[in-house]
Structure formats: structure tokens, C-alpha cells
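One structure below.
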Amino acid sequence: MPGLVDTHVHVNDPGRAEWEGFASATRAAAAGGITTLVDMPLNSTPATTTVAALAAKRAAADGVCRVDVGFWGGVVPGNVPELEGLAAAGVLGFKCFLVPSGVDDFPHVGERDLREAMPVLARLGRPLLVHAELPGPIAAAEEAARGGDPRRYATWLATRPPAAEVEAIRMVLGICAETRCPVHIVHLSAAEALPDLRAARARGLPVTVETCPHYLVFTAEEIADGATPLKCAPPIRGRANRDRLWEALRDGAIDLVASDHSPCPPALKAREAGDFMAAWGGIASLQVALSAVWSGARERGFTLADLARWMSERPARLAGLADRKGVIAPGADADLVVWEPEAEWTIEGARLHHRHPLTPYEGSRVRGIVRSTFVRGERAFDRRADGKAQDRFAAAPTGRMLERTGSGAAERSGIVERTDRAPSGGAVDRADRSR
Ligand SMILES: [Zn+2]
């Protein structure tokens, strides 16, 4: 299959590399069949909201990546003067929040900021990725949920109502219609927003939609008290909602699936207390996204072609990389994943290559084992089929940094020079599992 393109990854590097980091994230990506990942502009320090911050990102990623890496820039209040420079420097597009993001150096924007930024992005031909929840419905819901048991999942769920997503998406679609700025709704959770999204698409608005493995796998009914590894925002909702997300993948209202891998040090998940309100929000899933989504898709009668469309082709198109990533085609990079769709395995966090073993998929029985991952024709990862679980990586990291230029993309020239001198071909050595 074409290698996966994961357009929603929080690498947290530089600044919070102890949360993940480019070396560990790209190892996990390679082991999970992902050949390109795109890093989110927040949770690192600095956040990628200036050209200087993008340079710091590239310095952190330089020479340590196992797969190809691109960067989203950020839209925050007051940084419109930076947007053109960030685009010229090669960011693939821009991300914004409409509610507090959880980190102080990535404040959220409001309608007025969007009216300033979106015409600029439309002119630059870069999509705006939107964390679509509005503060108003959340504040009202928090008031109503006050005094609830913080160990109960229902308490957290009640504070992030579907209305927060629905109203945010309506607001953004309105400005999208005025400005024609391409809009991408990240991590859609509330199925209630689907009618508006379908109508917008029917009107020809440039809008795309993503959901994540956790919204397709887990359900609120099954989340145990204190199971804080499952806390994320927007939250995982009920079973009927999950079924509607799968239907939206079937009819095309949802374009793609990205991991929203957002790990943190285990202590921040407040597991001893099991306090959903105190825990950091974010789900670690990068390496298991292929198996998690495929397991659910297969049960529902979807095919490998559907999976490749959701997790390779469409994300590559979103990132402006469609001419060379996400497809097996003449002229495209030979980014490939060789995997066994029927093979079963049990997810054990300690055996994954994420920096931290904590994942809500712990103990899940899934189908789909990655055997080899090729990045631009070179074997980046290899897992032996002989039963001795041995994960092996290429001798040297050969991932490149991708940038978007005009409608296409190219590597930064300095990086090309360096990686072309790196060992290549069959040079695959024993994995260093020490982290
Ligand atoms: Zn995210």
C-alpha cells in the first residue's frame, strides 16, 4: 500500500521533547507504516507561529527523522504579518484553535482574527486547519456539570457538548464562504456537525474533514471511571455517534483519518487520582493508527482501497503533497508499507516506539501487522515474520523535511544534500530499543 501520510501529529519538539520528539515519533511512524508525518505547531516551544520558530523546528528535526516530515504553521491573535513569511518558508498550511489550546503560547483566535487571517491564507493558497469548538457552549456546559465526580468519564464528556463543535463549524464555514479560504476541520467528533458540512460541500465550499482513530474505535459507554488516557478534546462520544462517523467516511462527508497523536509524560494523565478534569488531554496512537482503523473498517466491510484513500491519498492532498506522496504512481516517491491485513496482534505500549508506553489502546486485540516500511525506495523499517519480534530500523535516519512551494512541494536543498550522503539500500541494523 502507499505509505500512510499522517497530517496530525504533535511531536512537541523542541521544548517538550520529553513528551515525544522527532527521533521517537518518526521511529514509531516508520514502525506503523507511516512514511510522511506533518507536525502540529503547538505544544513545542516555541510554537510554530513565526518564521524563527519554524527554523527552530527544523533544527530540532534535522538529521534525526526516520520518515519525511512537514510542518503546519500556526494562526494566533496578532500573527497575520507572519503568515506570508511562514508560507514562503515552506509550511504546508496553518492550524488555529477556537477554544483555549491548553498551552499559553498558542492562544485561540476569534471571528475577528479569522476575518483577518483567512483572506491572507486564501491568497497564499494554504489551508486553514481548525480545532472547531467554541468557548460559549463549553462554558455553559461546565456550569451545568459543576460538582460532578471528576473520576467519571460522563463528567468530562458533559463539559464538551456537540453544540461547541456545531457552532464553531458554522462560524468557520460562514467565513469560508466569504473568503474562499480552504478550510480543514481537524478531529471531528460530533456527528451533529455533519449536515452542515455536507451542505457546505454541496455548495462547493473548499472544506475538508478529518476524524481520528479514537473516535472510530472507542465509545463513551465503554470508558471506565478513571480511564484518563482516553481524555481528549473534543471528547470521544457515544456509540451511535461513532456509527455516524463511520457512515460519513462511507459517503465521503469525512475525507480522511489522522491520528492526532498527542502524548505527554504519564504523570500528567493523573492516573492515580483518575481525575478526568485534571488530566492532560491527548491520545497517544501514532504507531497503532493503521491497525486500529483497519480493524474497525474491515468489520464494517470497507476495503484496503478505502483505507489508502483515508490515510494516504487524501491527507497528502490536504498537505499539498499529492504529486509525490500518498499514492503508488509513476513519478511519486516510492513510499510504501508492506503489511499483513489479516494478522492479529495485541497492542502493548511498552513494545511501541513512542517515547512513553502509555496508550489507551493497551491490551487491544487488532488486525494488521506492518512488516516493512519504505521511504523513497529505501527500507526504513523491517519487522521479521519469523515470530521473534524484532523491530529493525535503517542504519541512519534518512527522513527529509518537506515544504510546500506554490501548488507542489520540494525538499529543502540543504537537507537533500545531507541525506543523499547517508547510507542507503539494504543497510538495516538491529533496533536500538533503549529509550
Ligand atoms: Zn491535535
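The values are calculated or read from the model by the stated rules, or taken from the named source; none is laboratory data. Please read all numbers here as calculations on a predicted model, not as lab measurements. Glycine gets a Cβ as well: all are built from the backbone with ideal geometry, and neighbour counts include every protein chain shown.
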Which of (1) part of a helix (DSSP H, G or I); (2) buried (at least 24 other Cβ atoms within 10 Å of the Cβ) is the odd one out, the single condition Glu313 does not satisfy?
(2)
Would you mind stating whether Pro397 is touching a Pro at 6+ places or on another chain (Cβ under 8 Å) and at pLDDT 95 or above?
no
Residue ID - farthest from the chain's Cα centre (by Cα), chosen from residues in segment 156-189 that are of a type in the set (Lys, Arg) and under 19 Å from Leu114 (Cα atoms)
Arg180
Those residues of segment 78-103 which are surrounded by fewer than 24 Cβ atoms within 10 Å (Cβ to Cβ) and part of a loop (DSSP other than H, G, I, E, B) amount to Gly78, Asn79, Ala89, Gly90, Leu92, Val99, Pro100, Ser101, Gly102, Val103
Output for segment 113-155, where each listed residue is closer than 22 Å to Glu210 by Cβ, away from the ligand (no atom under 16 Å from the Cβ) and of a type in the set (A, V, I, L, M, F, W, C)
Leu114, Ala117, Met118, Leu121, Ala122, Leu124, Leu134, Ile138
Can you confirm whether Glu299 is over 20 Å from the mean Cα position of the chain (by Cα) and closer than 23 Å to Arg371 by Cα?
yes
